[in-house]
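Bear in mind that the values in this text are calculations on the coordinates, not laboratory data. All values reported here derive from a predicted model rather than from experimental measurement. Cβ placement follows ideal geometry from the backbone for every residue including glycine, while neighbour counts extend to all protein chains displayed.
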Amino acid sequence: MKQERELNATTILQHGGYSPTKHGGHLNPPLYLDIAPVQPDIETAAKKFAEAELGFTYMRKGHENARILEKRLALLDGAEDALVFASGMAATNCLLLDLVKPGKKLITQLSMYGGTVGFLTKDFRDAGREVEFVVDPGRTGDWEALADNNTAAIWVEMPSNPKIGLVNLEAIAEIAKFRDIPLIVDSTFTPLLLRPLKWGATIVMRSGSKYENPGGTSLLGYVMGPRHFINPIRNGRYERYGATASPMDCWLAELGLRTLYLRMHRQSESALFVAGWLKTQSKVKEIYYPGLKTSPYFRLARKYLPDGCGAVLAFELKGSKGACNRFMKSLKIFKHVINLGDTRSLATYPAGTTHSKLSPDELMKTGITPSLIRLSVGLEDPVDLVWDLKQALSKC
């Protein structure tokens, strides 16, 4: 799509990266299901096969629906290019194994998605890579102290899962810049609201099975960044690992992106409302949401997330696992689902699911207690959501 000015995000969400004239005049992108499209001649086929971004030869190397989605995602994050994967973990595996060579080190935080921690402490190390976790992600000096000549990349999850922590992203970007290494930011919790590249990040990744796929129907992962980082993955591990997302999943995600702006803002407003109410409840020990003025991350939220802190929040009950179990079983509108970013409100018990593979020591260090519950606020009326939480709390 050619235009004379840079388009705003709301317009990109509708049209970015797609031209009906290049796809048979269809207003909606067609669903391309060919595993291997017809090639015009052997020279063209050879060029496409050598450089997958030039065209499509076999679905494992990419396809039309993925490319439409990739172009839109790159525009939204202000990146040169993007690559769509079959899952967020596929994106994480391919990206980190490519950027961090054997014998080299990754610096990251322990307070993040449990699946990522599991990969880093097991498969990543088994592949001959090193990983070091900062003691306190909120202290920029802790990141700087671990950075040395053996460091190949820095990975930040912001906001962090499950306690919605923030870091001084701009300061960490300066550390990466000084070392001439890429800074990768997992912004799964806040697509559109947080623009990591604006603050000095090199690469952005997200689990695409969240907000960008609001119906909870598709498993996807995204990487956005410079082409010289993405192309070696696209023409390497991406095809060798079979990490390509299906055409249908990409098609559904493109459809979901069209309402992303409206959903992110509405769900952020509702999450702030719910968090504010939970903070007043006698059975709630602690509430974690950076949009609250009482949050230790409020100042960082004003800087990095001025348009909203996303739909995810967490809180601790004044009780143990038994109280959490009674609470979860009593919910009527919130559904006990191991996901987030849906249009429907979800509740998750991190210690028993998303972070269950962390050791007791790791759980303690990250503050994931047996009384912690994570909520993902959907598009329901927030007054109804508060009613649901109130009646569930009464059973604890």
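Couple of notes before you dig in:
- Amide H contacts of Thr244 (H built 1.01 Å from N, in plane; Pro and chain starts excluded): Ala86 sit under 5 Å, all sequence-distant by 5 or more or on other chains.
- The Cα center of the stretch 174-189 and the Cα center of the stretch 36-50 differ in position by 37 Å.
- Links that overshoot a 30 Å alpha carbon limit, given the list Lys163/Lys332; Lys198/Lys279; Lys283/Lys335; Lys122/Lys395: Lys198/Lys279; Lys122/Lys395
- Taking 20 Å as the cut-off, the amide N atoms of the stretch 341-366 that come nearer than this to a point 7 Å along the Cα-to-beta-carbon line of Lys283 belong to 345-352.
- Estimated 222 nm signal from helices in the chain, with DSSP H stretches of n ≥ 4 weighted -39500 (n - 2.57), rounded to 500: -10500 deg cm²/dmol
- The stretch 296-346 and the stretch 148-167: distance between their alpha carbon centers, rounded to Å: 21
- Cα centroid of the stretch 69-142 to Cα centroid of the stretch 219-280, whole Å: 15
- The angle between the Cα long axis of helix 260-278 and the longest principal axis of the Cα atoms of the chain comes to about 10 degrees, rounded to the nearest 10.
- Working note: Cα gyration tensor of the stretch 17-97, eigenvalues times five, square-rooted, sorted largest first, giving semi-axes of 22, 19, 12 Å.
- Karplus-based coupling profile of the stretch 209-225, in residue order and whole Hz: 8, 10, 4, 5, 10, x, x, x, 10, 10, 9, 8, x, 10, 10, 10, x, with θ = phi - 60° in 6.51 cos²θ - 1.76 cosθ + 1.60 and x standing for Gly or Pro.
- Amide hydrogen neighbours beyond the local backbone of Thr188, cut-off 5 Å, H modeled: Met158, Ser207
- Tyr241/Ile338 FRET efficiency (R0 22 Å; Cβ-Cβ; nearest 0.05): 0.40
- Between Val38 and Lys318, the simple spin-label model (points 7 angstrom out along Cα→Cβ) gives 7.3 nm.
- The chain: angle of helix 64-77 to the longest principal axis, Cα-based, in degrees nearest 10: 60
- Degrees between helix 247-257 axis and first principal axis of the chain (Cα, 0 to 90, nearest 10): 60
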